[in-house]
Amino acid sequence: MAATESPFVMGCMRINELSDKAVAEWIDQALSLGIHAFDHADIYARGECEAQFGRVLAETPSLREQIVLQTKASIRNGFYDSSKEHLLKSVDESLHRLQTDYVDVFMLHRPDALMEVEEVAEVFDHLAGSGKVKSFGVSNFNRYQLEWLQEAVHQPIVLNQLQFSPAHASLLSTGIQANTEFTGSIDRDGGVLTYCQRHDITIQAWSPFQFGFFEGVYLDHPRYPELNTVLQQLADHYGVTKAAIVAAWILRHPSKMEVVVGSTKSQRVADIVVGADITLSRKDWYAIYQAAGNRLP
């Protein structure tokens, strides 16, 4: 498993907006909060985010052993590519940009309709055997894609990154609204939440504060008045921010998810991570679920 002592992962998609010095301070702050995992992808700012992170690692070589470094590949300009040639090239380029000999986790970023699982198995074997990758995961895979891939590869799939939040809760609604005609009962992922839980695959929840596909942040958004009211009531009760309550809501699920925090603002990160210290009651957890527009049968 690639889990750390903290259930939070620092998303590195926007660090190119910072100076190298600010990125170093951002990493230090994360470590001071107990967060050791940092998530990259080869497409983030066309590789600049990895390159910038790598410059910080080069300045402080001892930092590498203190962190869990993960990256992803397969998204290209207008298409997906899980070919052996592309994946091996992408990993080598990521290692070069990150200025490291290995990554702790390498993930397939999106399901490729043309993926040949036997070819991916060769890639994983090569990367594991060469020491370039310690463990493997996927991002945005449904249950059947996961099963198909796991049957072919020799290494366990340890992570699946999926979009998840009260405002993007189809992972839950498929089960909660089963055997109804509610919209949420539509099975969009083959029960991937239960599958990951049963097979010790850690779900990393990305965009935990976004609704839709990057349509906006639902916190303080007029489209979600009831949700924000409930979140504020609980935030006032616990003396934290609404973002911390969202984190607590995600972490309350028994599948032991991790939360990808994409913010580069130090105070916001500090405000979010205190959610790990809050255990919501079932009543409050379901109140948040329903306030986001999700129905109970």
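Loop-located trypsin sites (Lys or Arg not before Pro) across segment 262-297 with a Cβ neighbour count of 11 or fewer within 10 Å are 265, with loop assigned by DSSP. Per residue, the solvent-accessible area of the chain (1.4 Å probe, heavy atoms of protein chains only, all protein chains present) comes to 46 Å². Largest to smallest in accessible area, the residues 81, 187 fall in the order 187, 81 (1.4 Å probe, all protein chains included).
Specify whether the C-alpha gyration tensor of segment 43-142 places it in the rounded, prolate or oblate class, a ≥ b ≥ c being the square roots of the eigenvalues: rounded for a/c under 1.5, otherwise prolate if a/b is larger than b/c and oblate if not.
Since a/c reaches 1.5 and a/b is larger than b/c, the shape of segment 43-142 is classed as prolate.
For every other residue with a beta carbon closer than 11 angstrom to the beta carbon of residue 72, add +1 if it is Lys or Arg and -1 if Asp or Glu, then tell me the sum. Its environment carries a net charge of -2. Within the shell of other residues whose beta carbon sits under 10 angstrom from the beta carbon of residue 90, the net charge comes to -2, with Lys and Arg scored +1 and Asp and Glu -1. Here the Debye sum runs over all C-alpha atoms of the chain as equal scatterers in vacuum, and log10 of I(q)/I(0) at q = 0.16 Å⁻¹ comes out as -1.35. Largest GNM mean-square fluctuation among 111, 222, 156, using the chain with Cα springs under 10 Å: 222. Which of 182, 214, 164 moves the most in a Gaussian network model of the chain with Cα springs under 10 Å? Result for the chain, Cα springs under 10 Å: 214 fluctuates most.
Note: relative contact order over the chain, using C-alpha pairs below 8 Å and six or more positions apart, is 17 percent.
Quantify, in whole percent, the carbon and sulfur part of the accessible surface of the chain (1.4 Å probe; protein heavy atoms only).
On the chain, the fraction of accessible area on carbon and sulfur atoms equals 49 percent.
Which GluC sites (Glu not before Pro) does segment 175-227 hold that lie in a coil by DSSP with at most 14 other beta carbons within 10 Å?
Of the GluC sites (Glu not before Pro), the ones in loops of segment 175-227 whose Cβ has at most 14 other Cβ atoms within 10 Å are 181, 215.
Taking 7 Å steps out from each Cα toward its Cβ at residue 22 and residue 253 produces label points 3.2 nm apart. The C-alpha atoms of the chain define a longest principal axis, and helix 117-130 lies at about 70 degrees to it.
Helix-only arithmetic for the chain: the sum of -39500 (n - 2.57) across DSSP H runs with n ≥ 4, divided by the residue total, places the mean residue ellipticity at 222 nm at -12000 deg cm²/dmol. Does segment 184-290 come out rounded, prolate or oblate, given a ≥ b ≥ c as the square roots of the eigenvalues of its C-alpha gyration tensor, rounded meaning a/c under 1.5 and, failing that, prolate meaning a/b above b/c? Because its axes are fairly even, with a/c under 1.5, segment 184-290 counts as rounded. Sites listed here are GluC sites (Glu not before Pro) in segment 38-144 whose DSSP assignment is loop and whose Cβ has at most 14 other Cβ atoms within 10 Å: 116.
Arrange the residues 221, 154 by how much accessible surface each exposes, largest first, with a 1.4 angstrom probe.
154, 221
So what's the net charge close to residue 259: Lys and Arg +1, Asp and Glu -1, counting the other residues with Cβ under 12 Å from its Cβ? Once positives and negatives cancel, what remains is 0.
The values are calculated or read from the model by the stated rules, or taken from the named source; none is laboratory data. Worth saying up front: this structure is predicted, and the values here are computed from it rather than measured. Note that each Cβ is placed from the backbone with ideal geometry, even for glycine, and that neighbours are counted across all protein chains shown. Just so you know, the surface numbers come from the protein's heavy atoms only, side chains and all, with ligands and any DNA or RNA stripped out. Shrake-Rupley method; radii C 1.70, N 1.55, O 1.52, S 1.80 Å.
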